[in-house]
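The next block holds one structure in the form of structure tokens; read it before the comments.
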Amino acid sequence: MAGMTNSTAPATTAAPAHSTSNLSVTEAIRSRVSIRKYVQEPMNQDDLREILELASRAPSAWNAQTWRFAVVQTPEIKEKLQAAAYGQGQIGSAPAVIVVYSDMEDTLDTVEETAHPGMGDEGRANQRKTFENAFGGQDVAQRGQWGLSQANIAFGFLMLAARSKGYDTVPMLGFNPQAVRDLLGLPEHVQFAGLLPIGKRAEEGFPQHRHTVERVTKFY
Ligand SMILES: Cc1cc2nc3c(=O)[nH]c(=O)nc-3n(C[C@H](O)[C@H](O)[C@H](O)COP(=O)(O)O)c2cc1C
């Protein structure tokens, strides 16, 4: 239109509006499939934060909350992350990649933070004792495995939270963990639940193909 200034036209790089999607857990589970090509627009940062916050509500043994997230949106870092994932193109295609890892050593160093405030000073002291008793005799690798088993729960929550808010993802373990630690400056002891490219789908995924309940279940 004549006289229309650029300032009224939407910038092509502007982040899309806050998502109004709120799929139920059932809907999110049934509609989640791995997506490897994404619409080329940045993530809405409020949605990203909400999805991370929802994932953080995952349960964990003794409320340890061993999971940690590293969110990569900078194109140059994403490019290097893709190289660490053997060139898998879904990393470059997605506007953001959430690296989900566990840091059991940080968990142990700051264990009082995970005691419920309602339990008071005594609860915080007991939380430390509980973890010292459970993990004091284990080496870093052994307790790191335990930490990872907790972080995997948050990884699952993250995928469903994303789908509920109208986003798509693909969980990934096909990468070189040491290369990712080096790239992001993460300590040697951290363990990865996986990489999670996230964005809006630009293609349909394969329909879900799963064992039947009978195939994977014994009833007693
Ligand atoms: C722990 C884990 C690791 C995976 N690693 C990769 C990967 O590195 N690259 C990839 O393209 N897909 C990867 N996938 C996706 C699976 O291939 C996919 O989830 C599975 O085939 C089921 O398909 P759906 O997610 O579309 O239901 C991974 C999935 C999981 C759960």
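The values are calculated or read from the model by the stated rules, or taken from the named source; none is laboratory data. As the structure is a computational prediction, the values presented were derived from the model and not from experiment. Cβ: placed from backbone, ideal geometry, glycine included. Neighbour counts: every protein chain shown. When the accessible area is computed, the model is the full protein with side chains, heavy atoms only, and any ligands, DNA or RNA have been set aside. Shrake-Rupley method; radii C 1.70, N 1.55, O 1.52, S 1.80 Å.
Every residue, every condition in (1) modelled with pLDDT of 95 or more; (2) away from the ligand (no atom under 16 Å from the Cβ); (3) surrounded by fewer than 18 Cβ atoms within 10 Å (Cβ to Cβ), yes or no:
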| position | (1), (2), (3) |
| --- | --- |
| Ala55 | yes, no, no |
| Ala83 | yes, no, yes |
| Val97 | yes, no, no |
| Asp103 | yes, yes, no |
| Gln127 | yes, yes, no |
| Gly136 | no, yes, yes |
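Take Phe206 and tell me if it is more than 18 Å from the chain's Cα centre (by Cα), in contact (Cβ under 8 Å) with a residue 40 or more places away in the chain and surrounded by fewer than 16 Cβ atoms within 10 Å (Cβ to Cβ). Yes; evaluated as a whole, the condition is true for this residue. Here region 172-188 is the region considered, the condition is being in a loop (DSSP other than H, G, I, E, B) and either in contact with a His (Cβ under 9 Å, 6 or more places away or on another chain) or open to solvent by less than 50 Å² (accessible area, probe 1.4 Å) (or both), and the residue that is nearest to the ligand (Cβ to nearest atom) is Gly174.
Being under 30 Å from Arg36 (Cα atoms) and surrounded by 12 or more Cβ atoms within 10 Å (Cβ to Cβ) is a property that Leu108 lacks. Scanning region 189-220 for residues that are small (Gly, Ala, Ser) and in a strand (DSSP E or B) turns up Ala193, Gly194, Gly199.
Look through region 57-75, keep the residues that are hydroxyl-bearing (Ser, Thr, Tyr) and surrounded by 13 or more Cβ atoms within 10 Å (Cβ to Cβ), and return whichever of them is farthest from Ala94 (Cα to Cα). By that ranking, first place goes to Ser60.
Check Thr212, Thr130 and return the single one that is hydroxyl-bearing (Ser, Thr, Tyr) and free of Cβ contacts under 8 Å to residues at least 40 places away in the same chain. Of Thr212, Thr130, the one residue that is hydroxyl-bearing (Ser, Thr, Tyr) and free of Cβ contacts under 8 Å to residues at least 40 places away in the same chain is Thr212. Of all residues in region 189-203, those that are open to solvent by 10 Å² or more (accessible area, probe 1.4 Å) and farther than 19 Å from Gln145 by Cα total 4. If you go through region 131-147 and keep only what is of a type in the set (S, T, N, Q) and touching a strand residue (DSSP E or B) at 6+ places or on another chain (Cβ under 9 Å), you end up with just Gln145.
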